[in-house]
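For reference, the structure discussed in these notes is given below.
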Amino acid sequence: MYYIYILFSESADKYYIGYSQFPNERLLKHNQQESFNTFTRKFRPWKIVALFEVSEDKANVIAVERFIKRQKSRKFIEMLCDENHQLSGILAQLVRVPNLKI
């Protein structure tokens, strides 16, 4: 299963969207690995603020991730993080993973 995750850096007040089959391991890389993504390395530490099951199909998860990133909107990202918001359109396929499993 592929997941889309939203990270937040309190120190930089920034969000980051990514996808992975193993989001907890990916979070460790964002926070610890020195030769990892330069954007996330600059704004450590990160925490997962939203996690969604998407699909077994990698192409599908990439399409959803790109859709979210193309919105270029902090309000949109914050809406995704709101557990009470009903997702629609391409986002209706997302299954929110409860915070207890993050």
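Quick test for you: out of 33, 21, pick the one residue that is closer than 17 Å to residue 2 by Cα and open to solvent by 30 Å² or more (accessible area, probe 1.4 Å).
Only one candidate passes the filter, namely 21.
Consider only pairs whose beta carbons are under 8 Å apart and that are at least six residues apart or on different chains; among these, list those whose first residue lies in segment 1-27 and is farther than 11 Å from residue 46 by Cα and whose second residue is among the acidic types (Asp, Glu) and assigned to a loop (DSSP other than H, G, I, E, B).
Listed by first residue and then by second, the contacts come to 1/56; 2/56; 2/57.
Please state which one of 30, 85 is assigned to a loop (DSSP other than H, G, I, E, B), of a type outside the set (Phe, Trp, Tyr) and touching a helix residue (DSSP H, G or I) at 6+ places or on another chain (Cβ under 8 Å).
85
Restricting to segment 36-67, name every residue that is in contact with a Leu (Cβ under 9 Å, 6 or more places away or on another chain) and open to solvent by 70 Å² or more (accessible area, probe 1.4 Å).
47
The values are calculated or read from the model by the stated rules, or taken from the named source; none is laboratory data. All figures in this text were calculated on a predicted structure; none of them were measured in a lab. We place every Cβ from the backbone using ideal geometry, glycine too, and count neighbours over all the protein chains shown. Note: areas computed on protein heavy atoms with side chains; ligands, DNA, RNA excluded. Shrake-Rupley method; radii C 1.70, N 1.55, O 1.52, S 1.80 Å.
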